Amino acid sequence: MADRSFYLTTPIYYVNSVPHLGTAYTTIAADALARYRRLVGDDVYFLTGLDEHGQKVAQAAETNGMSPQEWVDSIAPKFEDTWELLDITNDDFIRTTEPRHERAASHLLEVLKENGDLYQGHYEGWYCLPDETFYTQEQLGEGKCCPSCGREVQFIREDNWFFRLSAYQDRLLEHYAAHPEFIQPETRRNEVVSFVQSGLKDLSVSRTAFTWGIPLPWDPDHVMYVWFDALINYISAVGYGDPAKADEFARRWPAQFHFVGKDIIRFHCAIWPAMLMAAGLELPQTVFAHGFLLTKGEKMSKSKGNVMAPAELVERFGVDAYRYYFLRDVQFGTDGSISLESMVQRFNGDLANDWGNLCSRLFSMTRKYFDGIVPQPVEAPVLHEFDDAFRGIAEGLPAAYERAMSRLDYAAALESAWELIKATNRYIEDNAPWNLAKAEETRERLQTVIYNALEAVRIAALFTAPVMPRTSAEVWRRLSLGDIHATTDLATESAWGRLPVGNVVEKGEPLFMRIVEEEDAG
Ligand code: MSP
């Protein structure tokens, strides 16, 4: 097993509805990072799951005429099926109704109580049910609408247990200052810093108005506030509070990355670290907040009725193209507009033209000129001018890709892989193998050119694999290479010259069939 543990998480999704493009977006991004870190040899633990308690879920169950448990059990498989459809390689799938989570959550609460961080009080204020968030009058201003989602808030009065969040204000600010990487991107960090600087209020952490939640161990008339319950999933999944799993917990925690949408950073960057501080636990290294996917300029959400189902797009474009589009066309960290039109453009341009055609024409030339066998490159005493520049691009790719991925800049990471793909297309044009094939004197040059181009394709497939796992596996299969997903040493595998001479190359069907009927795009 590799030494380095790399633990990354997505938010756990509410089960009030089925997965949509927004929730799939976070999950795909996390999956691409998980796959990349496995390629470089880390011992990855990738967690996703479901947020199954709370008033909103209880209401969804009621509306559908089911008990909350029946309801969550009916929705959970839809999430699991969607993640399977999208080739998500999560190592664990946590549901907050599982005993392992309930035990850990109760344990954490007991610890907080023993440490004097919880006290009884009375809450009067506003509550946004769809976001399960408390608001003060000042936060609302004049209106009665949620500042985050714009929906109407309700006034609630309850006897609750409170968490001394205010006591952690200074320590949180110190942590942000000492660890600039803790909240990314920077705009989000600034937002959280000014939120915390403006003063933290203690947080109500239990509810009595309904029963669908984890009862407080010492006061079962109260159930845990759903956000408090949910955040704990990140540690309950890796064994917190379970003596039998102490080693696992020590190895996995703290997490390297929490992936979240920008709407939930206060929970992840203020409340969650304060909970961890109160429990004497380390903080995660980075909370990375991505933006919203917008369709026609509006946030995609169920209430706005502009939600597209991932399955529809997968059916039309295929899984790899789906994953590619969202990570290439939307800058991770900022809001991004998505449309069928731009998806078709990316598909036809980047995938069918650049990548798919490169493989087709190169593999068919290998069949035509070398009976489908990887030829022996024959280098002249001095490296050919074309080869030098070309190899330089392939050799620069690992570092460029790593730089981009360490900032979760998927677009730039893909761009760097595309530089090699485009350079390979140019290399073929510049060297015109079809001319070299005409004379015996240029036979050796032809061997070298085809070898080099095939080698570049082998390397490009490695670096596109985290985002497009199926296509990369197929390209490697056609080159008679092993299972690309078994690679755990990218540094060695991506070195130039590892393509074995003599391997059989299969032409195969086009990897991406150009989409022609664009009338209904938009
Ligand atoms: N259950 C909470 C998270 C608890 S984590 C301890 C929750 N669930 S959610 O299902 O509403 O949303 C989860 C994530 O999906 C959020 O990070 C949110 O930003 C993301 N998305 C939902 N709609 C989105 C878009 N339209 N675009 C991009 N992502 C958005 O919040």
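The values are calculated or read from the model by the stated rules, or taken from the named source; none is laboratory data. Please read these numbers as outputs of a predicted model, since none were measured by experiment. Cβ coordinates were reconstructed from backbone atoms using ideal geometry, including for glycine residues, and neighbour counts include every protein chain displayed. All accessible areas refer to the heavy atoms of the entire protein, side chains included, with ligands and DNA or RNA removed. Shrake-Rupley method; radii C 1.70, N 1.55, O 1.52, S 1.80 Å.
What percentage of the solvent-accessible surface of segment 1-132, computed with a 1.4 Å probe over protein heavy atoms, is contributed by carbon and sulfur atoms?
Of the solvent-accessible surface of segment 1-132, carbon and sulfur hold 47 percent.
For segment 339-493, with all protein chains present and a 1.4 Å probe, just round the carbon and sulfur fraction of the accessible area to a whole percent. Can you show the working numbers first?
Details: 3040 of 6220 Å².
It is 49 percent, rounded to a whole number.
Using Cα-Cα distances under 8 Å and only pairs 6 or more residues apart, what relative contact order does the chain have, in percent?
Values: 829 pairs, mean separation 82.6, N = 522.
In percent, rounded to a whole number, it is 16.
Ratio of Rg to Rh for the chain, alpha carbon only, Kirkwood?
Reported Rg/Rh, Kirkwood definition of Rh: 1.04.
Cβ under 12 Å from His290's Cβ, His290 left aside: what net charge do those residues give with Lys, Arg +1 and Asp, Glu -1?
-1
For segment 366-462, which chymotrypsin sites (Phe, Trp or Tyr not before Pro) are in a loop by DSSP, counting at most 11 other Cβ atoms within 10 Å?
Hits after loop and neighbour filter: nothing returned.
Quick one: in segment 232-384, what % of C-alpha pairs are over 20 Å apart? Intermediate results must be reported in sequence, preceding the final value.
Working: 8001 of 11628 pairs.
Cα-Cα pairs of segment 232-384 separated by over 20 Å account for 69 percent.
Under a 1.4 Å probe, what is the accessible area of segment 339-493 per residue, stated in Å²?
With all protein chains present, segment 339-493 gives 40 Å² per residue.
Hey, if you put +1 on the Cβ of every Lys and Arg and -1 on every Asp and Glu Cβ in segment 339-493, which of Gly372, Ile459, Ala417 ends up farthest toward the positive end of that dipole?
Gly372
I'd like the projected area of segment 24-151, averaged over all directions, using the convex hull of its alpha carbons. Report it in nm² with one decimal.
Hull-based average projected area comes out at 11.6 nm².
Identify the GluC sites (Glu not before Pro) of segment 81-169 meeting these criteria: DSSP loop state and at most 13 other C-beta atoms within 10 Å of the C-beta.
In loop regions of segment 81-169 (DSSP not H, G, I, E or B), the sparsely surrounded GluC sites (Glu not before Pro) are Glu142.
Just to be sure I follow: if Rg is taken over the C-alpha atoms of segment 339-493 and Rh is the Kirkwood radius over the same atoms, what is Rg/Rh? Mind dumping the intermediate values first?
Numbers: Rg = 15.9 Å, Rh = 16.3 Å.
Here Rg/Rh amounts to 0.98.
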